[in-house]
Amino acid sequence: MFNLRGHGTVSRWERLYHEGGLDTLKAKPKGRPKMMKPSPPATPPKAKADDTRTREQLLDEIDYLRAEVDYLKKRKALALAQKATAQKKRG
């Protein structure tokens, strides 16, 4: 009468209805879900923290960063010098 193709269709509907109610029998959207919109880039939290720091704190940070850069430059120069002396000894 209703031209149902499968034998278990009605029994599956009945089971779903008993498990989850009428909402489980509603049609679900088909196809691929839509792409999410890209979120706006987050502002770094440090930007707000810089506004509240004193001049002395900022100058101390500059001194620390300069010392760190100098240390890294010196370390790189020493590594290159060691590599050069090792090559001289070999050749």
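Looking across the stretch 11-29, the residues that are among the hydrophobic types (A, V, I, L, M, F, W, C), assigned to a helix (DSSP H, G or I) and open to solvent by 80 Å² or more (accessible area, probe 1.4 Å) come down to W13, L22. Apart from one condition, R32 fits all of (1) more than 33 Å from the chain's Cα centre (by Cα); (2) modelled with pLDDT under 90; (3) open to solvent by 100 Å² or more (accessible area, probe 1.4 Å); the exception is (1). Going through the stretch 51-75 one residue at a time, which ones are modelled with pLDDT of 95 or more, under 29 Å from the mean Cα position of the chain (by Cα) and charged (D, E, K, R)? Within the stretch 51-75, just E68 meets the criteria. Scanning the stretch 35-50 for residues that are open to solvent by 100 Å² or more (accessible area, probe 1.4 Å) and either at pLDDT 85 or above or not in a loop (DSSP other than H, G, I, E, B) (or both) yields K46, K48.
From the list R90, R12, R5, which one is modelled with pLDDT of 85 or more and of a type in the set (K, R)? Even if it seems obvious, please write down each step before you answer.
Values: R90 fails: modelled with pLDDT of 85 or more; R5 fails: modelled with pLDDT of 85 or more.
Going through R90, R12, R5 in turn, the sole match is R12.
Among L4, L78, which is the only one that is assigned to a loop (DSSP other than H, G, I, E, B), of a type in the set (A, V, I, L, M) and surrounded by 10 or more Cβ atoms within 10 Å (Cβ to Cβ)? Steps first, please.
Numbers: L78 fails: assigned to a loop (DSSP other than H, G, I, E, B).
From the options L4, L78, the qualifying one is L4.
The values are calculated or read from the model by the stated rules, or taken from the named source; none is laboratory data. Note that the structure is predicted; figures quoted are calculated from it, not measured. Positions of Cβ are generated from backbone atoms using ideal geometry, with glycine treated the same way; all protein chains shown enter the neighbour counts. Heads up: the accessible areas ignore ligands, DNA and RNA and are worked out on the full protein's heavy atoms, side chains in. Shrake-Rupley method; radii C 1.70, N 1.55, O 1.52, S 1.80 Å.
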